[in-house]
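The values are calculated or read from the model by the stated rules, or taken from the named source; none is laboratory data. Quick caveat, the model's predicted, so the values are computed rather than measured. We place every Cβ from the backbone using ideal geometry, glycine too, and count neighbours over all the protein chains shown. Keep in mind that these areas ignore ligands, DNA and RNA; they rest on the heavy atoms of the full protein, side chains included. Shrake-Rupley method; radii C 1.70, N 1.55, O 1.52, S 1.80 Å.
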Amino acid sequence: MTNEISQPGASPMPAVRYDLANGPVVLGIESTCDETAAAVVRGRTLLSNVVASSMDEHARYGGVIPEIASRAHAEAFVPVVSKALSDAGMDIGDVDAIAVSAGPGLAGCLAVGVSGAKALAWAAGKPIYGINHVIGHVCVTQLQFGELPDNTLALIVSGGHTSLLRVTDIATHVEVVGSTLDDAAGECFDKVARLLGFPYPGGPHIDRHAQHGDPNALKVPMGLTQGRAGAEHPFDFSFSGVKTAVARWVESRRADGLDVPVDDVCASLANSVATVLSRKAMSACRKFDATTLIVGGGFSANSQLRAALAEAGKEAGVDVRIPEIKLCTDNGAMVAMLGSNLVEAGVRPSHPDFAIDSAMPLDRISMA
Ligand code: KG4
Ligand code: ZN
């Protein structure tokens, strides 16, 4: 690699050519964690969407094992990409560009998807974009709700991220206005779920049990909402204290030989997390004059959060856009959609030897 070709923005690839009337045809490939996924979009229309998950292989270890996930990506890559193309009635020659998640995520998993995508791009002579997976979670809502209004805010809630983003232009300018100082919301749920004996991923189990419990049964702290810490971090989050408080309560019940009312524990935890997320998101909308809030990431499947945001949005006059469940969890459509936005905005493709970035910052939309 020479300095000359690794300079940001220095791409030997020409700007992408596509049919202006129908929009670019983009193949999106995703392999950040335990889903190997591919999808094809034309402009803002989804033509195919294929997901293979290795989740069952991780369940007995209580979390994703990177080595197992990477191997599963290597096995699933060709079948998943082939099916996405054939479901769209296309072969690789029909595609205008390839987009692949370059980060953030598990390094070994990213390496499999990115290497496969690069090989495909090189063999077929197609431009390639290494994109930010998290920004893909924002973009995917265009499939259901249409274009993003100018002043949009996004709440990203996944196993690894809890962040508030100001989206000025999805292809060129995204700014982080808040993020978690410790655990992500999904991580907090998964850790409490483990303590309660639920298999990985525990989030959906907490969600289900919470629907039958009393949300006020336990006094659960609401991190960074009050006092000096709350004032200093109006749009940041902290869920580690919530997790510890719930864990201590459960452990002390067990030590006293008392039953643990699982539904109530789940409902109290879910209520605290959903309330903090929705309050902070709405106060950020007020501060930044945003009338649209996009919600994305695996945790946006959570029913307590969906209900809290719907109610808060109605009260505050904010249009809350949460995708249907199958587009909340990791998928190829989100990657293809961001690729389509980048092509249309005239953003240059990534350099063919771009690196993966397992800690890709959320204000970097694609690799140079
Ligand atoms: O975005 P995602 O699919 O993967 C990451 O990039 O992290 O998010 C996975 C996270 C896990 O922590 C999982 O427990 C959580 O999303 N999750 C849920 C629900 N569905 C998935 N958490 C709470 N309630 C749910 N219904
Ligand atoms: Zn994700």
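Taking the numbered list (1) touching a strand residue (DSSP E or B) at 6+ places or on another chain (Cβ under 9 Å); (2) aliphatic (A, V, I, L, M); (3) away from ligand 2 (no atom under 16 Å from the Cβ) in turn, residue 39 passes all entries but (3).
Scanning the range 290-330 for residues that are surrounded by 15 or more Cβ atoms within 10 Å (Cβ to Cβ), in a helix (DSSP H, G or I) and either within 13 Å of ligand 2 (Cβ to nearest atom) or among the β-branched types (Val, Ile, Thr) (or both) yields 298, 299, 300, 301, 327, 328. Can you say whether residue 74 is away from ligand 1 (no atom under 14 Å from the Cβ) and open to solvent by less than 10 Å² (accessible area, probe 1.4 Å), as far as the supplied structure shows? In short, no.
Scanning the range 247-262 for residues that are open to solvent by 50 Å² or more (accessible area, probe 1.4 Å) and assigned to a helix (DSSP H, G or I) gives 248, 249, 251, 252, 253, 254, 255. The condition of being in the same structural domain as residue 211 (by TED's automatic domain parsing) and not charged (D, E, K, R) holds for only one of 282, 337, 360, that being 282. Report the residue count in the range 157-205 for those that are hydrophobic (A, V, I, L, M, F, W, C) and farther than 18 Å from residue 281 by Cα. Residues meeting the conditions: 9. Cβ separations smaller than 8 Å between residues 6+ apart or across chains give the following pairs from the range 289-300 residues that are farther than 15 Å from residue 143 by Cα to residues that are part of a loop (DSSP other than H, G, I, E, B) and open to solvent by less than 10 Å² (accessible area, probe 1.4 Å): 299/184; 300/323.
Among residues of the range 79-92 that are within 12 Å of residue 41 (Cβ to Cβ), none has a beta-carbon under 8 Å from a residue that is at pLDDT below 95 at least six positions away or on a different chain.
Filtered by the rule that a residue be in contact with a helix residue (DSSP H, G or I) (Cβ under 7 Å, 6 or more places away or on another chain) and in a loop (DSSP other than H, G, I, E, B), the range 331-368 gives 351, 352, 356, 358, 362, 365. Among the residues of the range 12-67, those identified as in a strand (DSSP E or B) and over 30 Å from residue 190 (Cα atoms) are 25, 26, 27, 40, 41, 42, 45, 46, 47, 48.
With the requirement that a residue be open to solvent by less than 20 Å² (accessible area, probe 1.4 Å) and of a type in the set (Gly, Ala, Ser), what does the range 44-69 give you? Answer for the range 44-69, where residues must be open to solvent by less than 20 Å² (accessible area, probe 1.4 Å) and of a type in the set (Gly, Ala, Ser): 48, 54, 63, 69. The residue that is farthest from residue 161 (Cα to Cα), among those in the range 311-334 that are of a type in the set (Gly, Ala, Ser) and in contact with a strand residue (DSSP E or B) (Cβ under 6 Å, 6 or more places away or on another chain), is 313. Scanning the range 158-175 for residues that are closer than 18 Å to residue 278 by Cβ and either among the acidic types (Asp, Glu) or in contact with a Leu (Cβ under 7 Å, 6 or more places away or on another chain) (or both) yields 163, 164, 165, 166.
The residue list 117, 123 contains one member that is among the hydrophobic types (A, V, I, L, M, F, W, C), away from ligand 2 (no atom under 16 Å from the Cβ) and closer than 18 Å to residue 105 by Cα, which is 117.
Residues are listed down the side, and each one gets a yes or a no for (1) under 22 Å from residue 39 (Cβ atoms); (2) more than 16 Å from ligand 2 (Cβ to nearest atom):
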| site | (1), (2) |
| --- | --- |
| 89 | yes, yes |
| 95 | yes, yes |
| 99 | yes, no |
| 108 | no, yes |
| 155 | no, no |
| 168 | no, yes |
